[in-house]
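Below you'll find the structure, written out as structure tokens, and then a few comments.
The values are calculated or read from the model by the stated rules, or taken from the named source; none is laboratory data. If you're wondering where the values come from, they're calculated on a predicted model, not measured in any experiment. Backbone-built Cβ (ideal geometry, glycine too); neighbour counts: all protein chains shown. Note: areas computed on protein heavy atoms with side chains; ligands, DNA, RNA excluded. Shrake-Rupley method; radii C 1.70, N 1.55, O 1.52, S 1.80 Å.
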Amino acid sequence: MNTAQLGKMLITSAPLGRILLAGGKITQQQLDRALELQRESKQLLGEILIEQAMTKMEDLVWALGLQLNIPVFNLDDNFRLEPEEIGLIPVTIARRYGLFPMRKNGDASLTLVMSDPLNSDALATVRSLTKLDIHRVVGTKEQIRTVIEKFYRQDAHIERSLEDIVRLEATGAEVPAGEGEADEDQLRVQANDAPVVRFVNLLLMQAIRDHASDIHFEPSEKGATIRLRIDGVLREITPPPKHLYHGIVTRIKILSSMDIAERRLPLDGRFKFKVDQHEVDVRVSSLPEVYGEKLVLRILDKQALVADMRDIGFEKDMLEKFQHILRLPHGIILLTGPTGSGKTTTLYSALNFLKSPEKNIQTVEDPVEYLVPGVNQMPIKPKIGLDFASALRAILRQDPNIIMIGEIRDADTAEIAMRAALTGHLVLSTLHTNDATSAFSRLKDIGVAPYLIAATIKLVIAQRLVRILCSECKQPHTPGSEQLLPVVRERPDASEWTFYRSVGCARCHRTGFRGRKGIFEFLEVTAPIRKMIFDGLGDTAIRQTAREQGMQALFANGLNKIKAGLTTVEEVIKVSDLDQV
């Protein structure tokens, strides 16, 4: 039965349950159960149906639209709110009542999208503010929240503004002859042109809005490419016209206190800027390429830091074990994995867990990425001889309880850290290895004695990040037999699981994913493993013993997130070494 036939069959005041039943959205048994619960709790029927997972929010809104004879809002990629529409209703009112003005109809009426079109207080408030008659449209809370967050923010029209700059400037002057030979004064003039300044500012704001970790500027023969790394994946955005590219690069170099006249050598710099009343740190790296300078901006947004260990991705038993080991008075805890695997975030969350007025916590980092209140943080300065090893020697004279080292890179740093652990300090650090057991051979390779490794290391955690499926658009899916083979081999019950795939919607920018969480290899150094390290046994033997004692490989741990419907088989396979399973 289609919607038109159903609308003719039902009168406008038909009960919501009857509409859902007639539309095939719920069964008679579900309706009876929901009505029984309603009599007990006095809740609205719709709330009960959602809480009991008997129907979806989209189906409930569809039924409500039929019941009230009003349209249902559908959010798609082409939807936009114009500034004049946004100005009709303050963001505080929009958020409080879950609504937004979609369209002003002449001078007399307004189309209003509402999550609760029966809310008389909301309707009265909007009428009082706008002095207009209201035409109601019903939408889901998630859709309305997405629209408010996207369009009511100060940077809501960033991408359109970037496109406007490109469109306007594309008709401007071509690149002046000999621009590559421009002197420093010319470069400064280009960098301060209004379109250049506006483009850089808008781009930085868009990167923060989209939770990007990096911005890549890549010159080419015919123009330039700009890409944002979001959830670990690079995504192209609106590029600047070719003749603005040098000005944009120079603008960023000026902000970063870099030598704008030097375009033959790699350079590094950093700057800070404010957005939405909070400060963002940006680290800049330049490389001379064939067609100009390539820039990569690393964005360190303090508000994006996951400070709570429960939000990182640890399962309950693993989190409890980690916190238990963090409470030990001495020893070394190592986080391993490649660049961008979330090691630093996990370390900072551990510091947040450990910090206390009773403890002296000291870090040495390269550089200090996030400031943690209650923790003493020290950046290394290799140019003046302050490296990790010399910084650690100085720190040990400051009577610390807990030391965090950004990375163990050499034998001196490793040995000082281990001797600190032997003399009653808890030490946290990172190491670049592909799995947990490789940490021991890596330390031996840089010259650390096996007896020191065995005596001090308490825990090694290997970590990767997997993208989390967008809750709005993910769909059930049956993976191919080739993908399922390693899953079923590790977890025979996997044939009974419900798998999901990414689809893409406006809320997740058509990617199908929103955010990332960690998967882990959690290797506790027990007495048998300690003896194996002391005796000089290899990683393979240690790994086998660790697996016998219950250690999950990265892939095996990732399967827990697949089973929970949080991610896909492809995501977990992409970051795991199936040979280690």
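Some observations on this one:
- Reach of K383 by Cα under 21 Å, taken over lysines that are not fewer than 8 positions away in the same chain: K253
- Each Lys and Arg contributes +1 and each Asp and Glu -1, all at the Cβ; summed about the Cα centre of the chain, the dipole is approximately 1200 debye.
- Its convex hull of Cα atoms gives the stretch 390-527 a direction-averaged projected area, equal to a quarter of the hull surface, of 12.5 nm².
- Fully extending the segment from S441 to K131, taken as 0.36 nm per residue of separation minus the present Cα-Cα distance, adds 104.3 nm.
- Sparse-neighbour loop sites [trypsin sites (Lys or Arg not before Pro); the stretch 497-553; at most 16 other C-beta within 10 Å; DSSP]: R510
- Against the compact-protein benchmark of 2.2 N^0.38 Å, the Cα-based radius of gyration of the stretch 428-487 scales to 1.81.
- Listed residues Y97, Y245 arranged by accessible area, highest first, probe 1.4 Å: Y97, Y245
- Taking amide H positions as modeled 1.01 Å from N, with prolines and chain starts lacking one, the residues under 5 Å from D577 and 5 or more places away or on another chain are F555.
- Across K574, K253, the residue with the most accessible area heads the list, and the full order at a 1.4 Å probe is K574, K253.
- Bins of 10 Å, starting at 0 and running to the largest distance - Cα pair percent for the stretch 224-352: 10, 31, 28, 19, 10, 2
- Calculated over the stretch 90-145, the projected area of the Cα convex hull averaged across directions stands at 3.3 nm².
- For mean projected area of the Cα convex hull in nm², the value calculated from this model appears in [x] 34.2; [y] 35.8; [z] 29.0 under label [x].
- Karplus-derived 3J(HN,Hα), 6.51/-1.76/1.60, for each residue of the stretch 464-478, Hz, glycine and proline x: 9, 10, 10, 6, 9, 4, 5, 5, 6, 10, 5, 10, x, 7, 10
- The alpha carbon convex hull volume per residue for the stretch 219-270 rounds to 112 Å³.
- Compared with the alpha-carbon gap, the fully stretched path from R103 to T478 is longer by 130.8 nm at 0.36 nm per residue.
- Length gained when the stretch L396-A411 is fully extended (0.36 nm per residue, less Cα-Cα span): 3.7 nm
- Percent accessible area from carbon and sulfur atoms, the chain, protein chains only, probe 1.4 Å: 49
- Going by accessible surface with a 1.4 Å probe and the largest first, V368, V189 read V189, V368.
- The 3J(HN,Hα) values that the Karplus relation (6.51, -1.76, 1.60; θ = phi - 60°) gives for the stretch 355-362 are, in residue order, 4, 6, x, 8, 10, 9, 9, 10 Hz. Gly and Pro appear as x.
- Loop-located GluC sites (Glu not before Pro) across the stretch 493-571 with a Cβ neighbour count of 10 or fewer within 10 Å are lacking, with loop assigned by DSSP.
- Applying 1/(1 + (r/R0)^6) with r as the Cβ-Cβ distance of N78 and D317 and R0 = 56 angstrom yields a FRET efficiency of 0.75.
- Accessible surface area normalised per residue over the stretch 405-473 is 30 Å², counting heavy atoms of protein chains with a 1.4 Å rolling probe.
- When the convex hull of its Cα atoms is viewed from all sides, the stretch 29-137 shows a mean projected area of 8.1 nm².
- Heavy-atom surface of the stretch 216-335, accessible at 1.4 Å and reported per residue (Å²): 49
- Applying 1/(1 + (r/R0)^6) with r as the Cβ-Cβ distance of K359 and K56 and R0 = 56 angstrom yields a FRET efficiency of 0.70.
- In this structure, the amide hydrogen of G515, modeled 1.01 Å from its nitrogen in the peptide plane, lies closer than 5 angstrom to those of I468, counting only residues at least 5 positions away or on a different chain.
- What the Cβ-Cβ distance of D259 and N201 gives, at R0 = 30 Å and to the nearest 0.05, is a FRET efficiency of 0.85.
- Site pair I70 and R489 shows an inter-label distance of 5.6 nm when each label is modelled 7 Å from Cα along Cα→Cβ.
- The calculated 222 nm mean residue ellipticity attributable to helices in the chain amounts to -11500 deg cm²/dmol, summing -39500 (n - 2.57) over DSSP H runs of n ≥ 4 and dividing by all residues.
- Subset of K150/K517; K381/K458; K316/K355; K444/K517; K274/K561; K25/K316 violating a 25 Å alpha-carbon distance limit: K381/K458; K444/K517; K274/K561; K25/K316
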